[in-house]
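Enquirer: Starting off with a structure, shown below.
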Amino acid sequence: MPVLLQGGPVTNPVIMRSPILVALLLVLATSVRGQEEVQTVEFHSPAVERMMKYNIVLPAGYESSQERYPVLYLLHGLTSNYTAWSRMGAAFYAELVDDLIIVMPDVGNSWYVNWDENGEGQRNDWEDHIIVDVIGHVDANFRTITRREGRAINGLSMGGYGGLTLGLRHPELFVSIGSTSGALSYARGAARRMRGEIRPRPSSPTQELTVEQQAAREASRIRREAARIRPNPSIGIDGFSSQAERSPLGRAFLTPENADAYDPFELILNVPREELPHIYLDSGTEDNLINVAREFAQVLFEHDIPFDFMQMPGRHNGAYWVQSLGHIVSIQYEVIRRALGERPASRR
């Protein structure tokens, strides 16, 4: 069983993993039926001046009803894309709650920030792409609940950083925000490097290579570059389907102050308490990024900020995220429904 904490002490107990449960979840999450329920939407995003795509899952009764539905945005990780959460079972979990829209956008390898410096005529306002263009397009074209109480955001790895950062920069838009296996120190690390607080890694000593070693190294470099420029047909976005195309040219942050403005460790202390969304964190116990999740949780403890924290056996991989997705949907769905006044209020 996972450990689920609500503002309690972060611990690291020994938990038994069930291989049968993991296998069952993988089968269910990748079912043909689930994949058929996922729709791909293509639209023009002014923030990045290109055609983009997102995947969306609509409730089973959407076409036959006139209801408006809450939305959960799921953000992908570094080197991944808008199809990732669909492959991990977004449609399956959406069907369990029955009246939730799930949207899975794409930002390439941008870290969900508006870049300070752009190269080769690019426009890389990826925060605006999500906050203005994607959310605006979804609300304009689907029957969503457009107020804060009907919207949540979560992501994995780079997307976990994005989920917290975007949510804390725009708390008026989201009633619940979350991070799964989040790379939460991205902006903080950039700021510290620019301030000289982090020493650069020492270069490895130069050693003389044999002709065979040199040839092997060059062959490896050529293979990596070929993979980087090879388009991924499952993405299908013109000019944005290879890792080379999906990696912005320029610099995300030009000053440490600009990096601070995208640092969840800084942002959490600057949002007025009454404006803070619900916060959800989880990570696998064998994931190197669990330490930064625990560090962020400690900040929340010290400032008496309510949140949910979960840790369970798992690494930084799809097997863990398939399991995590069920918790993300159920917890954030409950937060949304309670905010909308559709759950019993606490007794006083």
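Please treat every number below as a calculation from the coordinates, not as lab data. Values in this document were obtained by computation on a predicted structure and should not be read as measured data. Positions of Cβ are generated from backbone atoms using ideal geometry, with glycine treated the same way; all protein chains shown enter the neighbour counts.
Enquirer: Please give, to one decimal in nm, the separation of the simple spin-label points placed at ALA140 and SER220, each 7 Å out from Cα toward the Cβ.
Expert: 4.9
Enquirer: Within the range 237-254, whose backbone N sits under 19 Å from a point 7 Å along Cα→Cβ of GLU42?
Expert: Residues passing the 19 Å test: 237-243, 245-246.
Enquirer: Which of the peptides 225-236, 299-310 is most tightly packed, and how do the rest follow, judged by the mean count of other Cβ atoms within 10 Å per residue?
Expert: Answer by packing, highest mean first, reads 299-310, 225-236.
Enquirer: May I pose another question? In deg cm²/dmol and to the nearest 500, what is the mean residue ellipticity at 222 nm of the chain if only DSSP H runs of at least 4 residues count, each as -39500 (n - 2.57), divided by the residue total?
Expert: -10000 deg cm²/dmol
Enquirer: Quick one: net charge of MET158's neighbours, Cβ under 15 Å, K/R +1, D/E -1?
Expert: It works out to a net charge of -2.
Enquirer: What residues qualify as long-range amide H neighbours of ASP308, i.e. H under 5 Å apart, gap of 5 or more or another chain, H built at 1.01 Å from N?
Expert: Close amide H contacts, sequence-distant or interchain: ILE279, TYR280, LEU281.
Enquirer: So how far, in whole Å, is the C-alpha centre of the range 288-348 from the one of the range 222-243?
Expert: With the range 288-348 and the range 222-243 each reduced to a Cα centre, they are spaced 34 Å.
Enquirer: Given +1 on the Cβ of Lys and Arg, -1 on the Cβ of Asp and Glu, and no further charges, what dipole in debye does the chain carry about its Cα centre, rounded to the nearest 20?
Expert: Here the chain has a charge dipole of around 660 debye.
Enquirer: Rounded, prolate or oblate: pick one for the range 77-184, where a ≥ b ≥ c are the square roots of the eigenvalues of its C-alpha gyration tensor, a/c under 1.5 means rounded, and failing that, prolate if a/b is larger than b/c, else oblate.
Expert: prolate
Enquirer: Quick one: work out the % antiparallel among DSSP beta bridges in the chain, nearest 5.
Expert: Bridges in the chain are about 40 percent antiparallel.
Enquirer: A follow-up question, please. Which number do you get for Rg(Cα) / (2.2 N^0.38 Å) in the chain?
Expert: 1.02
Enquirer: Can you list residues from other chains, or at least 5 along the same chain, whose modelled amide H is less than 5 Å from the amide H of TYR69?
Expert: For TYR69, whose amide H was placed from the backbone, the distant partners under 5 Å are THR144, ILE145.
Enquirer: Related question: For the chain, what relative contact order do you get, as a whole percent, if you take Cα pairs closer than 8 Å and at least 6 residues apart?
Expert: 23 percent.
Enquirer: Looking at the square roots a ≥ b ≥ c of the eigenvalues of the Cα gyration tensor of the range 203-348, which shape do they give, rounded for a/c under 1.5, prolate if a/b is larger than b/c, or oblate?
Expert: prolate
Enquirer: Which of rounded, prolate, oblate describes the range 44-116, given a ≥ b ≥ c as roots of the alpha-carbon gyration tensor eigenvalues and a/c under 1.5 marking rounded, otherwise prolate only if a/b is larger than b/c?
Expert: prolate
Enquirer: Right, another one. If we sort 284-296, 261-273, 153-165 on the protection proxy, mean other Cβ atoms within 10 Å, highest first, what's the order?
Expert: Taking the mean over residues of other Cβ atoms within 10 Å, the ranking is 153-165, 284-296, 261-273.
Enquirer: Mind jotting down the distance between the C-alpha centroids of the range 105-137 and the range 140-202, whole Å?
Expert: Cα centres, the range 140-202 to the range 105-137: 13 Å.
Enquirer: If packing is taken as the average count of other Cβ atoms within 10 Å, what order do 121-133, 321-333, 82-94, 243-255 fall into, highest mean first?
Expert: 82-94, 321-333, 121-133, 243-255
Enquirer: Explain nothing, just compute: Karplus ³J(HN,Hα) = 6.51 cos²θ - 1.76 cosθ + 1.60, θ = phi - 60°, for every residue of the range 110-123 in order, whole Hz, x for Gly and Pro.
Expert: 9, 6, 6, 10, 7, 6, 6, 9, 10, x, 6, x, 6, 10
Enquirer: Taking θ = phi - 60°, what integer Hz values does the Karplus form 6.51 cos²θ - 1.76 cosθ + 1.60 yield along the range 169-183, in sequence order, with x for Gly and Pro?
Expert: With the stated coefficients, the range 169-183 comes to 7, 9, x, 6, 9, 10, 8, 9, 10, x, 9, 10, 6, x, 8 Hz.
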